[in-house]
Amino acid sequence: MTDATRGAISLQVNGAEHRIDVDNRRTLLDALREDTGHTGPKKGCDFGQCGACTILVDGRRVVSCLTLAVAAQGSEITTVEGLAEKDELRPVQEAFVRLDGLQCGFCTPGQLCSAVGVLAEHAAGWPSAVTADVSPDCPHPPLDADEVRERMSGNLCRCGAYPSIVRAVLDAADERAEVAR
Amino acid sequence: MKEFAYSRANGVREALVMVAEQENGRFLGGGTNLVDLMKRGVEAPDLLVDVRSLPLAGVREDDDGDVVIGATTTNSDAAAHPEVRRRYPALSQAVLAGASGQLRNVATVAGNLLQRTRCAFFADLSTACNKRVPGSGCAALAGVHHNHAILGTSPSCVATNPSDMAVSLMLFDAVVHYETLDGEGEIPLSRFYRPVGDTPHVETALPAGALITSVRLPRATAGERSRYRKVRERASYAFATVSVAADLEVRAGRVHEVRIALGGVASHPWRARIAEEELRGGPAVPERFRAAAEAELAAARALPHNGYKVTLARNLIQSVLTEIAG
Ligand SMILES: Cc1cc2nc3c(=O)[nH]c(=O)nc-3n(C[C@H](O)[C@H](O)[C@H](O)COP(=O)(O)OP(=O)(O)OC[C@H]3O[C@@H](n4cnc5c(N)ncnc54)[C@H](O)[C@@H]3O)c2cc1C
Ligand code: FES
Ligand code: FES
């Protein structure tokens, strides 16, 4: 019997292919956590309201709880488990550790994936809601604390580790600017 | 959630046929509103046709110099596009003021236009809601409604349209382009959203089964000084209580051209044409901005807990116009 409401799909997660059988109702978050064994992304709200499930899809940060697993076929998925190069943490991961960008750690996988996305979006010249002038002719606005707070606002932290999260993202941005110089 | 089939469409016609052949087929954009509502049981399609595989993404300029935003362009890409930022900055600002970076990265322009209200009763199957179940009543009238509409409401429904993007599209007289199996069509945004009346479940003038293909921003309405300002219950990542998109051109101290649209106050983005009319040709001074806002809001009908929106909308209009006149 063929059933159009489920099927075998293939997900590309952190460079490895996973063939899984899913019901079309399965969210990408549940598929990662329960089918492919990537428990880094967390389920905070399941409604796009907290950011704990943030991952990168084709290099862009997205919430995995409102994405269907079937709709993610053919995309490159990166979870927090795939951020580090082997044992070498990314600068933003290292900054979270050094500057205490966390307390309980539940929101951290999402915060980290989001921060990686924020740094890339800023490097690409994207403005934010607190950018005074969005004109493309304006000089690239620096990534200051206000910009980081706005750009990271899709990630809630019940422990309230916000001040050190902002410091860690700024630290990673500085390091990146240092390398570029 | 009810079980459903899923397909990817490669061509517009194929997508239209797939949805037409299924009793309850729906297009899937980023899914940030549809999947949310399916989890809550508010939406229960039998088939989702994923439209992100269609060749509809991207922003381009057409032969008339209008800016055309493809329907599946993500909110992020629309907001970051240089031509949008240069000529329609209030649109960039409105999109960036909505949702979060993660959501804007997948949310599509068409999906944003068709997102449903955030009225808590609409999302709660255990309560009465004429929008969800026509004829069942409106629990918001006597319930929690501090963030509900003050303009254009009816006894059937007082819900607001939550889109920030649509408010700026209303400012710029954007045009929605769509396709059905009968061919192509277009609807100006000013006629896209239907008045509430006693049919709050009929939200748009889009024909059944139509696929939105693009949104066009006329060259004539471009406004480099246009602005979008949003007031909400927290600094970011929250829907508007009231928002204003405005553009103003002052010549020799007088209002030469003015356009104002409001969000968070009605079932659709509200173009403040009464205020615009009051202002044209008159002195461009804060007192006049305030008087014009009051004229627009004279028709406001507040509920017991949302009267503050009338004052807020007035002050916002005055403040944003004063800032642009600056
Ligand atoms: C936590 C949260 C906070 C948010 N905050 C804000 C906010 O502050 N401001 C704001 O404006 N928005 C906000 N949003 C809403 C968000 O902007 C919308 O969910 C999003 O824009 C919808 O786009 P989508 O592509 O994901 O639509 P989908 O969910 O894929 O689709 C929405 C509807 O559009 C239909 N559709 C999609 N594409 C087409 C097409 N091409 N033709 C015809 N029909 C189509 C679908 O069938 C469905 O009915 C928020 C959402 C969440 C979850
Ligand atoms: S679990 Fe996805 S945003 Fe909260
Ligand atoms: S560290 Fe506990 S929720 Fe953020």
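With both labels modelled 7 Å from their Cα along Cα-to-Cβ, the A:S10 to A:D137 distance reads 5.0 nm.
Annotation: amide H of A:S64 within the under-5 Å range of A:C53, A:T54, A:I55, sequence separation 5 or more or interchain, hydrogens built in the peptide plane. Couplings for the stretch A:134-144, taken from phi via the Karplus curve 6.51 cos²θ - 1.76 cosθ + 1.60 with θ = phi - 60°, read 7, 3, x, 7, 6, x, 3, x, x, 7, 9 Hz in order; Gly and Pro are left as x.
Between helix A:162-180 and chain A there is an angle of about 80 degrees, using the helix long axis and the longest principal axis of the Cα atoms. Once the C-beta distance of B:R118 and A:E85 is scaled by a Förster radius of 45 Å, the resulting FRET efficiency is 0.65 to the nearest 0.05. Neighbours of B:V202, meaning other residues whose beta-carbon lies under 14 angstrom from its beta-carbon, give a summed charge of +3 when Lys and Arg score +1 and Asp and Glu score -1.
Using only Cα atoms, find the angle between the long axis of helix A:108-123 and the longest principal axis of chain A, and express it within 0 to 90 degrees, rounded to the nearest 10. Around 60 degrees separate the two axes.
Taking all Cα pairs closer than 8 Å and separated by 6 or more residues, the relative contact order of chain B comes to 17 percent.
If you take all other residues with their beta carbon under 15 Å from the beta carbon of B:E278, and give Lys and Arg +1 and Asp and Glu -1, the sum is +2. Solvent exposure of the protein assembly as shown, expressed per residue, is 42 Å² of accessible area, with all protein chains present and a 1.4 angstrom probe.
In deg cm²/dmol, rounded to 500, what helix-only [θ] at 222 nm does chain A give when every DSSP H run of at least 4 residues adds -39500 (n - 2.57) and the total is split over its residues?
-8500 deg cm²/dmol, from helical runs alone.
Can you give me the convex hull volume of the Cα atoms of the stretch A:110-181, divided per residue and expressed in Å³? Here the figure is 83 Å³ per residue. Summing charges over neighbours of B:V12, with a neighbour being any other residue whose Cβ is under 11 Å away from its Cβ, gives -2 when K and R count +1 and D and E count -1. For B:K309, list the lysines whose Cα falls under 17 Å from its own Cα; do not include residues on the same chain fewer than 8 positions away. Within the straight-line limit of under 17 Å, B:K309 reaches these lysines: B:K230. Rolling a 1.4 Å probe over the protein chains gives B:K39 an accessible area of about 50 Å². When the scattering of the protein assembly as shown is computed by the Debye formula from its Cα atoms alone, each counted once and equally, what is log10 I(q)/I(0) at q = 0.12 Å⁻¹? After summing over all Cα pairs, the log10 values are -1.16.
Can you list the trypsin sites (Lys or Arg not before Pro) in the stretch B:234-286 that are in a DSSP coil and have 16 or fewer other beta carbons within 10 angstrom? Kindly include the intermediate steps, with their values, before the conclusion.
Working: sites: B:R234, B:R251, B:R254, B:R259, B:R271, B:R273, B:R280; in loops: B:R234, B:R280.
Within the stretch B:234-286, the qualifying trypsin sites (Lys or Arg not before Pro) (loop, at most 16 other Cβ atoms within 10 Å) are B:R234, B:R280.
Considering only protein heavy atoms and a probe of 1.4 Å, how much of the accessible area of chain B is carbon and sulfur, as a whole percent? Don't jump to the answer; show the numbers that get you there.
Working: 6270 of 12760 Å².
Roughly 49 percent, rounded to a whole number.
Please work out the C-alpha center-to-center distance from the stretch A:122-172 to the stretch A:38-93 and express it in whole Å. Cα centroid of the stretch A:122-172 versus Cα centroid of the stretch A:38-93: 19 Å apart.
Pairing chains B and A buries close to 3300 square angstrom of accessible surface in total, based on protein heavy atoms and a 1.4 angstrom probe.
Modelled spin labels at B:H146 and B:A298, positioned 7 Å past Cα toward Cβ, are 3.1 nm from each other.
Separation of the stretch B:16-79 from the stretch B:278-326 is 35 Å, based on Cα centroids.
Here the label points at B:K2 and B:H256, each 7 Å from Cα along the C-beta direction, are separated by 5.5 nm in the simple model. Taken about its Cα centre, chain B carries a charge dipole of roughly 1100 debye when the Cβ of each Lys and Arg holds +1 and the Cβ of each Asp and Glu holds -1.
Let me know the charge dipole size of the stretch A:91-180 about its Cα centre in debye, to the nearest 20, where only the beta-carbon of Lys, Arg (+1) and Asp, Glu (-1) is charged.
On the way: 6 positive and 13 negative charges, 86 e Å.
Here the stretch A:91-180 has a charge dipole of around 420 debye.
Taking the alpha-carbon centroid of each part, what is the distance from the stretch B:134-163 to the stretch B:210-265 in angstrom? So the separation of the two Cα centres works out to 23 Å. Along the Cα-to-Cβ line of A:A123, 7 Å from the Cα, sits a label point; which residues in the stretch A:48-79 have backbone N less than 19 Å from it? Residues passing the 19 Å test: A:55-62, A:76-79. When A:R19, B:R194 are compared by accessible area at a 1.4 angstrom probe, the order from most to least is A:R19, B:R194.
When the trypsin sites (Lys or Arg not before Pro) in the stretch A:49-145 are filtered for DSSP coil states and for at most 11 other beta-carbon atoms within 10 Å of their beta-carbon, the remaining sites are A:K86.
Normalising by the residue count of the stretch B:58-123, find the relative contact order in percent from Cα pairs under 8 Å and 6+ residues apart. Before the final figure, lay out each step's value.
Details: 67 pairs, mean separation 20.9, N = 66.
For the stretch B:58-123, the relative contact order is 32 percent.
Using C-alpha pairs under 8 Å with a sequence gap of at least 6, the mean separation divided by the residue count of chain A gives a relative contact order of 21 percent.
Among the listed pairs B:K39/B:K131; A:K43/B:K131; A:K42/A:K86, which have their C-alpha atoms separated by more than 26 angstrom in this model? The partial results should precede the final answer.
Details: B:K39/B:K131 18 Å; A:K43/B:K131 30 Å; A:K42/A:K86 22 Å.
Distance filter (> 26 Å) returns A:K43/B:K131.
Note on chain B: helix-only mean residue ellipticity at 222 nm, from DSSP H runs of 4+ residues weighted -39500 (n - 2.57) and normalised by residue number, equals -7500 deg cm²/dmol.
The values are calculated or read from the model by the stated rules, or taken from the named source; none is laboratory data. No experiment lies behind these values; they were computed from the predicted model shown. All Cβ positions, glycine included, derive from the backbone under ideal geometry; neighbour counts span all protein chains shown. Quick note on the areas: whole protein, heavy atoms, side chains included, nothing else; ligands and nucleic acids left out. Shrake-Rupley method; radii C 1.70, N 1.55, O 1.52, S 1.80 Å.
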